[in-house]
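Each reported figure results from applying straightforward, stated rules to the coordinates on display, with no laboratory input. Computed from a predicted model, the values in this text were never measured in an experiment. Positions of Cβ are backbone-derived with ideal geometry, glycine not excepted, and every protein chain shown enters the neighbour counts.
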Amino acid sequence: MVWFAVSFGCGIFLLDFLNQFTFAGFQLGFWFAQQGSIYAFVVLIFVYAACIARIDKKHKVDEDSDEP
């Protein structure tokens with residue numbers, strides 16, 4: 001849902017509003033469509049991995065566990 005909001009919401013639906021601003025020399029709507037959605041996706045991968053690791057530790061099935 002977050003990635004959809006960033007890629008479609010900021011890159012398509014809010015394009016005209018965001019293009020009023022610039023980021024790194026580019027219009028902000030263009031930047032979100034080209035780079036921002038990719039960065040958001042990578043952040044989501046790390047958040048997902050951290051959440052799964054916490055769940056694994058809670059249920060004692062993490063990779064650091066000594067039990068089989």
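The single condition among (1) under 20 Å from the mean Cα position of the chain (by Cα); (2) surrounded by 12 or more Cβ atoms within 10 Å (Cβ to Cβ) that residue 19 does not meet is (1).
Restricting attention to the range 13-26, which residues are of a type outside the set (Ser, Thr, Tyr) and either under 20 Å from residue 42 (Cα atoms) or without any contact (Cβ under 8 Å) to a residue 12 or more places away in the chain (or both)? Listed by number, the residues that qualify are 13, 19, 20, 21, 23, 24, 25, 26. For the range 27-68, a residue qualifies if it is of a type outside the set (A, V, I, L, M, F, W, C) and touching a residue at least 24 places away in the same chain (Cβ under 8 Å), and the qualifying residues are 36, 37.
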